[in-house]
Amino acid sequence: MEPDRTDLVVDGREELLYLLGEAAELEHAVCCTYLYAAFSLRTEPGEGLRAEQVPAVGAWKRAINEVALQEMAHLALVNNLVAALGGAPRLGRHNLPQRSPYAPEIQLTLAPFSEQTLQRFLHIERPEGMDVSTMAGHLDGGQAPLPAAVTGPGVLPAPQPFASVGQLYHGIERGLVALVERYGERQVFVGPPNTQAIASCFRIPERMPELIPVTDLASAVAAIETIVEEGEGARGAWEDAHFGRFAAMLREYRAMAAGDPGFAPVWPVVTNPYVRVPRDLLGLAPAPAGPDDPFALHLVTDPYSAAVSDLFNACYALMLQLLYRFFQHTEESDAELDLLGDISVQMMRQVIRPLGELLARLPVGPEAPGRTAGACFMVTSATPITPHKIAAWTIMHERLLELAEVATGLEGGAPRVLGRVAERLVAYAEPLAGQTVGGQEPDAEPAEDAPVPSFASDIGPLFRDHDRAAMRWAFDLGAADSVREHADAILAQVASGQMPCDAPWPPEKVALFRRWVEAGAPD
């Protein structure tokens, strides 16, 4: 067992939001490290990989991709918790590699699939209180100093040490319970319901069943327990959790390597490749320990590889911007939110993954003969764009087409992969084109002879499913009679910007509703 650590001190909403932000960055970074390892695995026989070994290696690759998808769902769950408490989405993170200042055993680095990489994964996912040194071994560089435990009044949020991911989340859970005891659920969970991500938004609900909305303490606790149980297992039953899957993978890898000394199921990928070192890693010089040092940086100097790496990072940044828009939207309809969620997931599967696998086969450059590059997941421009819908969708549409053009220009080196990537980017761009607010251009005025709006065709569609759910306690926004009965009150609320609760209606929607009311609120 590990030595006891002081429980996290979570006193108030600010500390909760701070720790949830740390949790979001951790889930995000872990997902990238898993994907990098999956990208590095080969799927066809060749030197170092016999035909009879391919099914086992393919199963490892699929399993790691499935775990990475669950990490994406965990990131969404953490952002659901943040949104429920009234916070903004957290989709940024520090660039990799990182040595966690909180839990030194958690080493976040981009490295190919190997025994050492699996050992790091076990340290990340290990159940709270479990000593995995006999299973996974001790990791170099794991003795970084921990920040001091929180002392004093706790007015400002502060970093706190934790020994495992489970300890972090259980501290957050205790903080939520205490906050509800102090203020009550109604005051704690103040975030609008329509900021919650659910599985159906991503059109693959069967693969993300754990993605639930967080609206009260019970759903918040359920979300936290889902994250912990899928990672380290439920009350010691870890065989089917991430920890158990990596433990089984490590046993299988060791057995296959023992039976075949030449077993080499990965591309010769370097650790932590970069075309240019980001500012937050400038102090981390390339390590002299050798090309396989897990914390060494490797610059990609081959011109074609560098160009594909830039394309990968640009597509990755755009995917994050789509997710930012999904979590922090304004006038989007339910169908438009589904579209944003669907495109972001499809980009991971149809753009990010094939580009990452391509980079695992491309050369680093003459300084590293025989070694291949990989995807660095560099965060540069992955920031929220404008909150205004028309501008945001116009920019995302424009960027998708720009990146499709870049992919087409690089086709000569890998026509099958980059041609398909370009096709998918163009397909994603098409439904984002020509966006308007309220179905018309922002400055458009209704014609004098415009028809009288009706509830069925004009007014009912103004209210989203989220709006109807949020106001069900007062009236039914989906029923003409109910809206007609409360029309004056609803008009006053939307005209003042107090309704909907997440963002005010644009003037065109307010004007349309006003015309309907002034016309006698016809069916």
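The values are calculated or read from the model by the stated rules, or taken from the named source; none is laboratory data. Since we're looking at a predicted model, the values are computed, not measured. Neighbour counts run over all protein chains shown; Cβ positions are idealised from the backbone, glycine included.
What the table shows:
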{"quantity": "Long-range neighbours under 8 Å by Cβ, at least six apart or interchain, first residue free of Cβ contacts under 8 Å to residues at least 60 places away in the same chain within segment 43-58, second exposed (fewer than 15 other Cβ atoms within 10 Å of the Cβ) and among the β-branched types (Val, Ile, Thr)", "calculated": "Val54/Thr43; Gly58/Thr43"}
{"quantity": "Tyr253 vs. criteria assigned by TED's automatic domain parsing to the domain that holds Leu400, more than 16 Å from the chain's Cα centre (by Cα), of a type in the set (Ser, Thr, Tyr) and at pLDDT 95 or above", "calculated": "no"}
{"quantity": "Looking only at segment 477-495, and only at residues there that are in a loop (DSSP other than H, G, I, E, B) and either of a type in the set (A, V, I, L, M, F, W, C) or farther than 23 Å from Cys201 by Cα (or both), the one that is modelled with the lowest pLDDT", "calculated": "His486"}
{"quantity": "All positions within segment 45-98 that are surrounded by fewer than 17 Cβ atoms within 10 Å (Cβ to Cβ) and part of a strand (DSSP E or B)", "calculated": "Gly46"}
{"quantity": "Pick from segment 289-303, criterion surrounded by 16 or more Cβ atoms within 10 Å (Cβ to Cβ) and at pLDDT 90 or above, ranking: farthest from Gly413 (Cα to Cα)", "calculated": "His298"}
{"quantity": "Condition met for Gln498 (part of a loop (DSSP other than H, G, I, E, B) and either modelled with pLDDT under 85 or of a type in the set (Gly, Ala, Ser) (or both))", "calculated": "yes"}
{"quantity": "Residues (under 19 Å from Gly231 (Cα atoms) and either in contact with a helix residue (DSSP H, G or I) (Cβ under 8 Å, 6 or more places away or on another chain) or of a type in the set (Phe, Trp, Tyr) (or both)) located in segment 157-189", "calculated": "Phe162, Ser164, Val165, Gly166, Leu168, Tyr169, His170, Gly171, Ile172, Glu173"}
{"quantity": "Residue check for Thr195: modelled with pLDDT of 85 or more and among the β-branched types (Val, Ile, Thr)", "calculated": "no"}
{"quantity": "Complete set of residues in segment 16-33 that are among the hydrophobic types (A, V, I, L, M, F, W, C) and under 14 Å from Gln98 (Cβ atoms)", "calculated": "Leu26, Ala29, Val30, Cys31, Cys32"}
{"quantity": "Count of residues meeting criterion [in contact (Cβ under 8 Å) with a residue 12 or more places away in the chain and either under 12 Å from Arg325 (Cα atoms) or surrounded by 20 or more Cβ atoms within 10 Å (Cβ to Cβ) (or both)] in segment 391-403", "calculated": "6"}
{"quantity": "Condition met for Gly434 (surrounded by fewer than 12 Cβ atoms within 10 Å (Cβ to Cβ), in contact with a helix residue (DSSP H, G or I) (Cβ under 9 Å, 6 or more places away or on another chain) and at pLDDT 65 or above)", "calculated": "yes"}
{"quantity": "Given (1) touching a residue at least 60 places away in the same chain (Cβ under 8 Å); (2) touching a strand residue (DSSP E or B) at 6+ places or on another chain (Cβ under 9 Å), index of the condition Pro369 fails", "calculated": "(1)"}
{"quantity": "Single residue of segment 459-500 satisfying the filter (under 13 Å from Asn194 (Cβ atoms) and among the small types (Gly, Ala, Ser)) that is surrounded by the most Cβ atoms within 10 Å (Cβ to Cβ)", "calculated": "Ala470"}
{"quantity": "Condition met for Ala37 (among the aliphatic types (A, V, I, L, M) and without any contact (Cβ under 8 Å) to a residue 60 or more places away in the chain)", "calculated": "no"}
{"quantity": "Number of the condition not met by Asp342 [criteria: (1) touching a Phe, Trp or Tyr at 6+ places or on another chain (Cβ under 7 Å); (2) modelled with pLDDT under 95; (3) buried (at least 23 other Cβ atoms within 10 Å of the Cβ)]", "calculated": "(3)"}
{"quantity": "Check on Gly86, touching a residue at least 24 places away in the same chain (Cβ under 8 Å) and at positive phi", "calculated": "yes"}
{"quantity": "Test for Glu52: is it under 15 Å from the mean Cα position of the chain (by Cα) and at negative phi", "calculated": "no"}
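So that you can scan it fast, the table gives a plain yes or no per residue for (1) modelled with pLDDT of 95 or more; (2) outside the structural domain of Arg62 (by TED's automatic domain parsing); (3) not in a helix (DSSP H, G or I):
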position	(1), (2), (3)
Ala287	no, yes, yes
Ala306	yes, yes, no
Asp310	yes, yes, no
Asp338	no, yes, no
Ile352	yes, yes, no
Glu357	yes, yes, no
Ala375	yes, yes, yes
Met378	no, yes, yes
